Amino acid sequence: MSAIPLPKPSISDSVNWRKAPASRARYVATQSDSGKVSNELWDGVQKQRIKTVTTPPDDVRLERELADIFEECSSEGWNGYDAKPIDRESVQLVCSFLEKLPVDISYPELCAEPNGELTMVWIKRGYHLVIGIDNKGKVAWGGTSPSGRIYGDAKFENEIPEEVINILHSVEGSR
Amino acid sequence: MSETSANPADIASRYIYSKNDYSSNGVKHSAFVPPSAYPNELSVCIISNLPEPEIWKIGAETRKDKPIKARADMLVSAVQEISDEQGGFLQVLIDGIPHPRHANIKNLPLQISLQRVVATELAKKSKLTMS
């Protein structure tokens, strides 16, 4: 995979959850849509826009977390124990993963690991799940569930692996 | 110096030098993920029977270039209960380098997904103490 240069902590450029993720499309409705939808539908869109504006969305929290991680984890040995700097390709792949997250799955917390990977963490309903993506696109998950340990890996090739979606639905209790 | 197994009743502490590794909810799993260069061990200090100022002093002297932020304390027996998925369990071995109370958690799995399992288990079993 070729390295994609990212600008230094310009989070809004590298993280565009609002731009056009189909599964998160509720955030992208704009006035230009008005000619395409009926008045009734447009009212619904406007209500959704108001809701989005008045309730700070999770993607704002994620951008803040990512900014903190860039600030804290960009140098060698940032954790005091030989940690590698946060890997920008891992960050890009995690952003791509998050864009494709189905709407019924909540956004995770973000956390850097000493190997340079950015990881996503869900702590919910007795689950403590960590999912990371390395710079080769390998998704590796590990953690605990009410029934014991859960772990595995798969390839992330523009789609979230089915196995990972299933685990996330279990975490959410939506399946 | 040869390594000796820590007493299960002892308390081991992992010093935390980055705010990435803890939150208001406690210690994060990342505090217990080993670096790629040393994937099979995690550095800790046996702090049993030490006064608080001495505990912090050891952590500060170990990494003079980074201010210590917090520490994760855990019972050695709790660490030793964690399976390595190879039929064994984690160990806490005192090596005395660079400090007489220095130890390493050993037998960590090499597979990254399993490292994440073990890291979440260690995080759950540890108590966060802020500096």
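The values are calculated or read from the model by the stated rules, or taken from the named source; none is laboratory data. The model shown is predicted, which means the values in this text are computed figures rather than measured ones. When we count neighbours, we look across all protein chains shown, and the Cβ atoms used for this are built from the backbone with ideal geometry, even at glycine. In case anyone asks, the SASA skips ligands and DNA or RNA and just uses the protein heavy atoms, side chains included. Shrake-Rupley method; radii C 1.70, N 1.55, O 1.52, S 1.80 Å.
Return the total of residues in segment A:107-133 being in contact with a strand residue (DSSP E or B) (Cβ under 7 Å, 6 or more places away or on another chain), open to solvent by 30 Å² or more (accessible area, probe 1.4 Å) and assigned to a loop (DSSP other than H, G, I, E, B). Walk me through it before giving the result.
Narrowing segment A:107-133 to residues in contact with a strand residue (DSSP E or B) (Cβ under 7 Å, 6 or more places away or on another chain): A:108-113, A:117-122, A:126-133.
If we keep only those that are open to solvent by 30 Å² or more (accessible area, probe 1.4 Å) as well, we get A:109, A:126-127.
The next check asks that each one be assigned to a loop (DSSP other than H, G, I, E, B); those that pass are A:126.
Residues meeting the conditions: 1.
Under 8 Å between Cβ atoms, at least 6 apart or on separate chains: pull out the pairs that start in segment A:119-130 with a residue that is away from every other protein chain (no Cβ under 11 Å) and more than 12 Å from A:Tyr107 (Cα to Cα) and end on any residue that is open to solvent by 10 Å² or more (accessible area, probe 1.4 Å) and not polar (S, T, N, Q).
Hits for this filter: A:Arg125/A:Pro146; A:Arg125/A:Glu172; A:Arg125/A:Gly173; A:Gly126/A:Pro146.
Taking segment B:79-131 as the region of interest, how many residues are under 15 Å from A:Thr144 (Cα atoms), touching a residue at least 60 places away in the same chain (Cβ under 8 Å) and more than 10 Å from chain A (Cβ to nearest Cβ)?
1
Within segment B:49-78, work out how many residues are touching a strand residue (DSSP E or B) at 6+ places or on another chain (Cβ under 7 Å) and free of Cβ contacts under 8 Å to residues at least 40 places away in the same chain.
Residues flagged as touching a strand residue (DSSP E or B) at 6+ places or on another chain (Cβ under 7 Å) and free of Cβ contacts under 8 Å to residues at least 40 places away in the same chain within segment B:49-78 amount to 0.
Among B:Ala78, B:Ala103, which is the only one that is farther than 17 Å from A:Pro114 by Cβ, modelled with pLDDT of 95 or more, among the aliphatic types (A, V, I, L, M) and out of contact with any Lys or Arg (no Cβ under 9 Å at 6 or more places or on another chain)? Show your work before the answer.
Values: B:Ala78 fails: out of contact with any Lys or Arg (no Cβ under 9 Å at 6 or more places or on another chain).
After ruling out the rest, the residue left standing is B:Ala103.
Would you check if B:Ala31 is at pLDDT 95 or above, out of contact with any strand residue (DSSP E or B) (no Cβ under 6 Å at 6 or more places or on another chain) and of a type in the set (Gly, Ala, Ser)?
Values: at pLDDT 95 or above: yes; out of contact with any strand residue (DSSP E or B) (no Cβ under 6 Å at 6 or more places or on another chain): no; of a type in the set (Gly, Ala, Ser): yes.
No.
Can you name the residue in segment B:1-19 that is open to solvent by less than 10 Å² (accessible area, probe 1.4 Å) and outside any loop (DSSP other than H, G, I, E, B) and is also farthest from B:Met130 (Cα to Cα) among such residues?
B:Ala12
Count, please, the residues in segment B:16-33 that happen to be of a type outside the set (S, T, N, Q) and more than 7 Å from chain A (Cβ to nearest Cβ).
At the first step, the residues of segment B:16-33 found to be of a type outside the set (S, T, N, Q) are B:16-17, B:19, B:21-22, B:26-29, B:31-33.
Going one step further and asking which of them are more than 7 Å from chain A (Cβ to nearest Cβ), we end up with B:16, B:22, B:26-27, B:31-32.
Going through segment B:16-33 one residue at a time, the tally reaches 6.
Of all residues being touching a residue at least 12 places away in the same chain (Cβ under 8 Å) and more than 24 Å from A:Asp87 (Cα to Cα) in segment A:131-164, which is nearest to the other protein chains (Cβ to nearest Cβ)? Just the residue, please. If you could, list the steps in order and put the result at the bottom.
Our first condition is that a residue be touching a residue at least 12 places away in the same chain (Cβ under 8 Å); within segment A:131-164, this holds for A:131-146, A:150, A:152-161, A:164.
Of the ones still in play, those that are also more than 24 Å from A:Asp87 (Cα to Cα) are A:144-146, A:150.
Values: A:Thr144: 6, A:Ser145: 10, A:Pro146: 13, A:Ile150: 8 Å.
Among them, the one singled out is A:Thr144.
For segment B:91-112, what are the residues that are within 25 Å of B:Asn25 (Cα to Cα) and open to solvent by less than 20 Å² (accessible area, probe 1.4 Å)? Walk me through how you get there before you give the answer.
Pass one, segment B:91-112, residues within 25 Å of B:Asn25 (Cα to Cα): B:105, B:108, B:112.
Result: B:Ile105, B:Leu108.
Hey, could you check segment A:50-75 for residues that are assigned to a loop (DSSP other than H, G, I, E, B) and at pLDDT 95 or above and say which is surrounded by the most Cβ atoms within 10 Å (Cβ to Cβ)? Before you say what the answer is, go through the steps one by one.
Of all residues in segment A:50-75, those assigned to a loop (DSSP other than H, G, I, E, B) come to A:55-57, A:73-75.
Still in the list and also at pLDDT 95 or above: A:73-75.
Numbers: A:Cys73: 25, A:Ser74: 14, A:Ser75: 10.
Of everything passing the filter in segment A:50-75, A:Cys73 is surrounded by the most Cβ atoms within 10 Å (Cβ to Cβ).
Pick from segment A:101-113 the residues that are more than 14 Å from chain B (Cβ to nearest Cβ) and either out of contact with any Ser or Thr (no Cβ under 8 Å at 6 or more places or on another chain) or polar (S, T, N, Q) (or both): which of them is farthest from A:Ser74 (Cα to Cα)? Spell out how you get there, then give the answer.
Restricting attention to segment A:101-113, the residues satisfying the condition of being more than 14 Å from chain B (Cβ to nearest Cβ) are A:101-107.
Of the ones still in play, those that are also either out of contact with any Ser or Thr (no Cβ under 8 Å at 6 or more places or on another chain) or polar (S, T, N, Q) (or both) are A:106-107.
On the way: A:Ser106: 27, A:Tyr107: 23 Å.
Selected residue: A:Ser106.
Could you check, for segment B:20-42, whether at least one of its residues is open to solvent by 20 Å² or more (accessible area, probe 1.4 Å) and over 27 Å from A:Arg149 (Cα atoms)?
No; the residues of segment B:20-42 include none that is open to solvent by 20 Å² or more (accessible area, probe 1.4 Å) and over 27 Å from A:Arg149 (Cα atoms).
Of the residues that make up segment A:92-100, is at least one buried (at least 17 other Cβ atoms within 10 Å of the Cβ), among the β-branched types (Val, Ile, Thr) and either within 12 Å of chain B (Cβ to nearest Cβ) or in contact with a Phe, Trp or Tyr (Cβ under 6 Å, 6 or more places away or on another chain) (or both)?
No: zero hits.
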